[in-house]
Every structure is written in C-alpha cells, then in structure tokens.
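Here is the structure we will look at, set down as structure tokens.
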Amino acid sequence: MSTATTQATSTWTLSYQQRPWTLNSERGRGGKDSGHWAVRSRLKAEWRHAFKILAREQCIPPLQWVQVTVLHHCRDRRLPDPVACFPAYKAALDGVVDARVIRDDGPAYVHSVTFEAPVTTGVAELVLVLEGPAVAPS
C-alpha cells in the first residue's frame with residue numbers, strides 16, 4: 001500500500017478566470033507575436049503570481065505532497081485537447097510553490113497530475129484541484 005493512500009488528505013480548489021494560453025499559442029500558432037519570448041514571459045509571470053495569491057487567500061497549509069487535477073473551462077464549444085493548457089498549468093503550479101504550499105514541483109512533491117477534458121462553462125478559466133496531506137507539526 002502506498003503512503004499516498006494511507007494519509008488523511010484535504011482538497012483545495014484554485015480558479016483563475018482568464019483564458020489559459022496553450023502549447024499552440026506558445027509555439028507561435030496563436031496569433032501575432034504569441035510565440036515571442038517576451039509574451040511568454042509576461043504570461044508566465046501573470047499566472048504564477050495569480051495562483052500564488054489564490055493559494056495564500058485560501059490559507060492552504062504546507063503540504064507533504066499533492067495530487068493535481070487540472071480543469072480547463074471554456075467560454076464556447078471550441079474545445080482544445082485536454083493538455084493544451086499545459087503552459088498555463090505549469091506557471092500556476094510554480095505559483096503554488098511560491099506560496100509555499102509545496103517545496104518543489106518535482107516528483108517528490110507532485111505525485112500525479114490529471115488533465116480532465118475541457119468543458120464549456122461560458123467562463124474561460126483554469127482550475128487546479130489540489131489534494132494532499134498537511135505537513136505534520138514538529
């Protein structure tokens with residue numbers, strides 16, 4: 001039996017209501033200058049900061065590790081593939097690390113990442129559902 005299944009875990013949901021940028025746009029297929037390094041840098045900083053603030057607002061304690069579910073909500077019926085929002089997810093997870101929820105985004109602290117199929121909700125947003133056990137008090 002793995003350690004992950006024997007520890008009591010809690011769940012937090014972080015939602016940022018902006019259209020996530022995609023791998024295609026990062027590769028320059030999303031319009032004028034979308035693949036430019038300065039555009040990517042600005043987007044990464046915005047998303048990283050937003051998720052740092054979201055994690056702090058929810059007062060998420062330091063966690064031993066997390067399992068992450070990524071939900072991509074779309075305004076309309078033009079749905080991308082499930083992992084298209086990977087660049088936005090990566091910046092969002094970096095923000096969770098910046099908020100000191102987990103020490104690092106490596107495999108010792110991120111046990112799994114599941115990308116759910118995008119759904120039409122009428123609102124463009126990226127949602128991270130974090131599940132994991134709190135660090136034991138010393």
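Taken over the stretch 1-43, the criterion of being part of a loop (DSSP other than H, G, I, E, B), at pLDDT below 90, in contact with a helix residue (DSSP H, G or I) (Cβ under 6 Å, 6 or more places away or on another chain) and not small (Gly, Ala, Ser) is satisfied by 21, 33.
Pairs are defined by a Cβ separation below 6 Å, a sequence spacing of at least 6 or placement on different chains, a first member in the stretch 34-47 that is within 22 Å of residue 15 (Cβ to Cβ), and a second member that is modelled with pLDDT under 80 and assigned to a helix (DSSP H, G or I); no pair meets this definition.
Listed conditions (1) surrounded by fewer than 15 Cβ atoms within 10 Å (Cβ to Cβ); (2) within 14 Å of the chain's Cα centre (by Cα); (3) assigned to a loop (DSSP other than H, G, I, E, B) are all met by residue 49, apart from (3).
The values are calculated or read from the model by the stated rules, or taken from the named source; none is laboratory data. Just so it is clear, the model here is predicted, and its values are computed rather than measured. When we count neighbours, we look across all protein chains shown, and the Cβ atoms used for this are built from the backbone with ideal geometry, even at glycine.
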